[in-house]
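In what follows, a structure is listed as structure tokens, so that the remarks can point back to it.
The values are calculated or read from the model by the stated rules, or taken from the named source; none is laboratory data. Source: prediction; values computed, not measured. A quick note on method: Cβ atoms are made from the backbone with ideal geometry, for glycine too, and the neighbour counts reach across all protein chains shown. The protein model used for the area step is the full one, side chains on, heavy atoms only, and it has no ligands, DNA or RNA in it. Shrake-Rupley method; radii C 1.70, N 1.55, O 1.52, S 1.80 Å.
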Number of protein chains: 2
Amino acid sequence: MDKLNINQHISQQYNSALDDLKTEFLALGGIVEQQIIKAVKSITDVDVDLAAEVMAVEKEVDKREIVLDDLCTQIIARRQPTASDLRLVMAISKATRDLERMGDEANKIAKMAIAISESETLPHGFSELRNLGRQVQDEVNITLTAFARYDVDMALQVVDKDEEIDREYATAMRELITYMMEDPRNISRAMSIIWSLRSLERIGDHAGNISEQVIYLVKGLDIRHKTADEVAEQVSQD
Amino acid sequence: MDKLNINQHISQQYNSALDDLKTEFLALGGIVEQQIIKAVKSITDVDVDLAAEVMAVEKEVDKREIVLDDLCTQIIARRQPTASDLRLVMAISKATRDLERMGDEANKIAKMAIAISESETLPHGFSELRNLGRQVQDEVNITLTAFARYDVDMALQVVDKDEEIDREYATAMRELITYMMEDPRNISRAMSIIWSLRSLERIGDHAGNISEQVIYLVKGLDIRHKTADEVAEQVSQD
């Protein structure tokens, strides 16, 4: 091989390492997305088998998180990426953690499904859970697509949506507290729904974090700790 | 300058960049630690001024998080660290996020202090909050010292302690639910205490994450997703 070919060869290896990293990241995203969908269904259908299915995936998610992390460190150490490549590696390193946390929250919801199945009467709040669940699932789906396509507009949509989800969550929470006051014997059961709503809200937060990484990746902008309006303004100025 | 001196000069610059990074990280740790202490005090003393003080620091924490993140990326891009130096940068990059989240949770506790101050009667659960608060503060303090000294034994202590905190949290939660059942008119107020307990438990989790980074840093071991016993065994095998 002459020098040009060697360089080309190295650069192909390098690109394929980055592609592999992104593919691995999106694969984990797909697994966690399924976990969330199943977790919400397991609680609203009181389906213990489905809840067990969600919990069985935890070890797989943990393993993949560690593999992804190692990949990030290896690429930095061996290939010394700079500029946008380094941004991609750092973004994936952070977003991986968000995915793992989302899986954790899905697990907690599945545990609540099992707790609820053991009680004789069903608690209030299933429709609130179903509503918020649907919105958060949408948010996660848009986030992963935004990452796959490096689509800033979709990522901005998520940042916007997250504020809406927070409002929806606050409303659901007030309703649950009213239920508890009306029927204090069922407080323990109602708490299972409250924790599940909280987990959904957290999943939404993590999806928002990942979307911020997409914007950072494409625009090189750090938009953490900014409101949706501030972000939209900052992005449109480019 | 002859070649040796230039190399020495570059290597001094490099070391001082890593030292600066660690110093900045520990400075943020100190700020967040104070936030946690004040947040717990603001709620158990129902001290609105102190709560406002905690909340005023949020922007400072956010700013420092971004500065630390930029420092990490710059060091990787310009100095291309490898082996243990790269581990330090990656560990700080992750642990910074944990610190910022701990600050967020301290903020939430401060908000609950303000919510409680507006009600006429005080909710139950202050002693549970004070207890858990003390334990979590200890955990955070040991974590930061373990990081400053690269002390694996101290870090292991935190991983151990976190399981104890989780048990204490579960007990406190059961007691709060009993209070709510006995006095359903005070459910909203009791929920403020429940959210604060939850925030403390989260702070403990984040301290645990940072301690895991200390172990990874010193031993090169990844101990995430392992129990305290498994970790102790793994570390002792070295």
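Looking at the structure I just gave you, is B:Thr73 within 14 Å of chain A (Cβ to nearest Cβ) and not acidic (Asp, Glu)? Working first, answer last.
Values: within 14 Å of chain A (Cβ to nearest Cβ): yes; not acidic (Asp, Glu): yes.
It is true that B:Thr73 is within 14 Å of chain A (Cβ to nearest Cβ) and not acidic (Asp, Glu).
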Set A:Ala228, A:Ala207: member being at pLDDT below 90 and of a type in the set (Gly, Ala, Ser): A:Ala228
Those residues of the range A:165-219 which are among the aliphatic types (A, V, I, L, M), farther than 30 Å from A:Val231 by Cβ and away from chain B (no Cβ under 12 Å), in sequence order: A:Ile193
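Could you check the range B:48-148 for helices (runs of 4 or more DSSP H) lying wholly inside it with 3 or more residues that are open to solvent by less than 20 Å² (accessible area, probe 1.4 Å) and under 20 Å from A:Glu212 (Cβ atoms)?
Numbers: elements: B:48-56, B:58-79, B:83-117.
Fully inside the range B:48-148 and qualifying: B:58-79, B:83-117.
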Selection status of B:Ile187, out of contact with any Cys (no Cβ under 7 Å at 6 or more places or on another chain), open to solvent by less than 30 Å² (accessible area, probe 1.4 Å), at pLDDT 90 or above and not acidic (Asp, Glu): no
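Considering only residues that are of a type in the set (Gly, Ala, Ser) and within 13 Å of A:Glu128 (Cα to Cα), which ones fall in the range A:163-191? Reasoning before the result, please.
Step one: list which residues in the range A:163-191 are of a type in the set (Gly, Ala, Ser), which gives A:170, A:172, A:188, A:190.
Hits for the range A:163-191 are A:Ala170, A:Ala172, A:Ala190.
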Boolean, A:Thr96 is within 14 Å of the chain's Cα centre (by Cα), within 30 Å of B:Val89 (Cβ to Cβ) and hydroxyl-bearing (Ser, Thr, Tyr): yes
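Residue-wise test of (1) of a type in the set (Asp, Glu); (2) within 26 Å of B:Arg202 (Cβ to Cβ); (3) out of contact with any helix residue (DSSP H, G or I) (no Cβ under 9 Å at 6 or more places or on another chain).
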| residue | (1), (2), (3) |
| --- | --- |
| A:Glu175 | yes, yes, no |
| A:Tyr179 | no, yes, no |
| A:Arg185 | no, no, no |
| A:Ser196 | no, yes, no |
| A:Gly208 | no, yes, no |
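On the given criteria, is A:Ile36 of a type in the set (A, V, I, L, M, F, W, C), open to solvent by less than 60 Å² (accessible area, probe 1.4 Å) and assigned to a helix (DSSP H, G or I)?
yes
Suppose the filter is farther than 23 Å from B:Gln135 by Cα and surrounded by fewer than 21 Cβ atoms within 10 Å (Cβ to Cβ); does B:Ala27 pass it?
Numbers: farther than 23 Å from B:Gln135 by Cα: no; surrounded by fewer than 21 Cβ atoms within 10 Å (Cβ to Cβ): yes.
Considered against the rule, which asks whether it is farther than 23 Å from B:Gln135 by Cα and surrounded by fewer than 21 Cβ atoms within 10 Å (Cβ to Cβ), B:Ala27 comes out as no.
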Test: residue in the range A:113-131 that is touching a Lys or Arg at 6+ places or on another chain (Cβ under 7 Å), modelled with pLDDT of 95 or more and not aliphatic (A, V, I, L, M): no
Close pairs (8 angstrom Cβ cut-off, 6 or more residues apart or separate chains): open to solvent by less than 20 Å² (accessible area, probe 1.4 Å) in the range B:197-209, outside any helix (DSSP H, G or I) anywhere: B:Leu197/B:Gly125
Test set (1) within 14 Å of another protein chain (Cβ to nearest Cβ); (2) of a type in the set (A, V, I, L, M); (3) within 18 Å of the chain's Cα centre (by Cα); (4) open to solvent by 10 Å² or more (accessible area, probe 1.4 Å) - B:Met154 fails condition number: (1)
Breaking point among (1) buried (at least 18 other Cβ atoms within 10 Å of the Cβ); (2) closer than 22 Å to A:Met90 by Cβ, for A:Asp19: (1)
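Looking at the range B:216-232, is at least one residue part of a helix (DSSP H, G or I), free of Cβ contacts under 8 Å to residues at least 40 places away in the same chain and surrounded by fewer than 22 Cβ atoms within 10 Å (Cβ to Cβ)? Walk me through it before giving the result.
First pass over the range B:216-232, keeping only residues part of a helix (DSSP H, G or I): B:216-219, B:228-232.
With the extra rule that they be free of Cβ contacts under 8 Å to residues at least 40 places away in the same chain, the set shrinks to B:229-230.
If we keep only those that are surrounded by fewer than 22 Cβ atoms within 10 Å (Cβ to Cβ) as well, we get B:229-230.
Within the range B:216-232, one or more residues are part of a helix (DSSP H, G or I), free of Cβ contacts under 8 Å to residues at least 40 places away in the same chain and surrounded by fewer than 22 Cβ atoms within 10 Å (Cβ to Cβ).
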